[in-house]
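The values are calculated or read from the model by the stated rules, or taken from the named source; none is laboratory data. Keep in mind it's a predicted model, so treat the numbers as computed, not measured. A quick note on method: Cβ atoms are made from the backbone with ideal geometry, for glycine too, and the neighbour counts reach across all protein chains shown. With ligands, DNA and RNA removed, areas are computed over all heavy atoms of the protein, side chains included. Shrake-Rupley method; radii C 1.70, N 1.55, O 1.52, S 1.80 Å.
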Amino acid sequence: MKLNPASIYRIAMMLVLTSIMRPALAQDKHALTVQQAADYAKKNSIQVKNLLLDVQLQEETNRQVTSSAYPQLSGRMGTTYNPNIAVQSFPDFISLATYGVLQKEGVTDGSGRPITVPNDIGLLRAQFGTKWIANAGFDLSQILFDGQVFVGLQARATTMEWARKNVEVTEELIKANVYKVYYQLVVSKTQIDLLDANIERLQKLQHDTREMYKNGFAEKLDVDKVDVQIANLQTEKKRVENQIASGNLGLKLLMGMPMKEELVLTDTLSDSQIKNGILEASSYNYNDRKEMQYAELGRKLNEYNIKRYNLSQIPTVSLSGSWSKNAQRNEFNFFGKGDWYTFSNISLNVSVPIFKGFYTRSKIQEAKLTLKKTENQIENLKLSIDNEVETARINFKTAIEAMDYQKQNMKLAEDVYEQTKKKFESGLGSNTEITAAQTDLKAAQTNYINALYDAIVARVDFMKAIGKL
């Protein structure tokens, strides 16, 4: 076949687009173990992202506290216009001095009487200042000692650890939920496998029953009953598949994964996986729990709060200084001829708190009561952990026993079904018996699936309770 240039161009473009799109499609597929799914949720969960922003906000708050210990430098510049300069009144010192000299020299008036200072020599009035005043300068201050600022500096590391620990507490909760939803989907896939096995088993029975019917050893009703059972199983399989699809979307939402991306669960689930490592992890320590670590940091911050208010009762010392240039003009002409005068000062300031109406005392007492409340919450948390661990231990033990029992029961139901099927094929059993055996097998499989999921949930709850999830 001969290709024209246009056809060659179209084929080349299709190859290029295919090579571009293939990696993009591959990037949209995520094949994850349960641990990888939990790690993905830690990085992409909106709730965790917001808490990480809180960590950054706390870091900025700490910078604001640190800035209080640094020198504070500010510049200023301003001008003032006085449309009406204030008039000052003061004693007529000129007349007073003149009378004093005349009196001292013994000068007499025209009548020959000595000149004396009158009782009221009057006032002089004058305007002092200029129409325009300008100034520019710098102000510098530095805290030398402030107990509250120093406590804030000491508490910076604890506040950052406290904010990060809050993230870890939330991550632990999200991890537990991811584990439960992930394994629920895995168990549902096991249920699909069991349904497929049942459908295959009934399809074989369907074939055998039809052959028996053709040969006159079975009734048409027997064939119809098997057809109904197969249809019911296929309907249930479709329902479980829809549940898996919905659960998959829910898991993506929990993980923070875009819905358009494909999520593939690679982990499997077995009885041994559920039981593995439980005996080794049976002991627990309160401090293994993220909630306890978070509460302990809260207590430490409350202790800093008490220390801060205690130190607010002692003097604070600071150093300040200023340097200025100022000028006075009768016209707005500060950048022309004329002098600018320098003014500067350095001050050592000591502020001594004497009485604030018992405000500080009340704040100290309030901080102590808050600390006591936190300590009570920690004790209550210990009791809650003890209760949670023991409850989870009992639930896990019960779930394991139920899982083992239901697995044995399912195996027994399979054996019963196979024996009943052989009797039916040999003409020694009825269709009612095999239908009942199939119903019992289906019920045993459903019970096993439920027990399997209950067991993995109980394991997750127990590992979370002892702080080793």
**Request:** Give me the lysines in straight-line cross-link reach of K260: C-alpha distance below 17 Å, same-chain residues under 8 apart excluded.
**Result:** K29, K252
**Request:** Summarise the accessible area of the chain (1.4 Å probe, protein heavy atoms) by the percent that is carbon and sulfur.
**Result:** 56 percent
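With the Cα gyration tensor of segment 129-278 in hand, give its eigenvalues times 5 under a square root as the equivalent ellipsoid semi-axes, listed largest first in whole angstrom.
For segment 129-278, the ellipsoid semi-axes come out as 74, 21, 9 Å.
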**Prompt:** Which option, [x] 14, 25, 23, 17, 11, 7, 3, 1, 0; [y] 24, 51, 24, 2; [z] 23, 54, 22, 1, 0, is the value of P(r) over Cα pairs in 20 Å bins from 0, in percent that was calculated from these coordinates?
**Reply:** [x]
**Prompt:** What percent do you get for the relative contact order of the chain when only Cα pairs under 8 Å and 6+ apart count?
**Reply:** 22 percent
**Asked** With every protein chain present, what is the per residue accessible area of segment 37-186 (1.4 Å probe, Å²)?
**Response** 62 Å²
**Complete:** Set K442/K464; K43/K464; K49/K307; K180/K275; K43/K397; K214/K423, cut-off 25 Å on Cα-Cα distance; pairs above it are K442/K464; K49/K307; K43/K397
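Highest mean first, how do 89-97, 247-255 rank when packing is the count of other Cβ atoms within 10 Å averaged over residues? Spell out each step's value before the answer.
Values: 89-97: 11.2, 247-255: 18.0.
The peptides rank, most packed first, as 247-255, 89-97.
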**Request:** With 5 Å bins from zero, work out the P(r) of segment 327-398 over every alpha carbon pair and list the percent per bin.
**Result:** 3, 10, 7, 7, 6, 6, 6, 6, 6, 6, 6, 6, 5, 4, 4, 3, 3, 3, 2, 0
**Prompt:** So which aspartates and glutamates can K382 reach, going by Cα to Cα under 13 Å and dropping same-chain residues fewer than 8 places off?
**Reply:** D288, E291, E296, E390
**Asked** Please state the relative contact order of segment 338-457 as a whole percent: Cα pairs under 8 Å, 6+ residues apart?
**Response** 26 percent
**Cα-based helix-to-principal-axis angle, 156-214 vs the chain, degrees rounded to 10** = 20 degrees
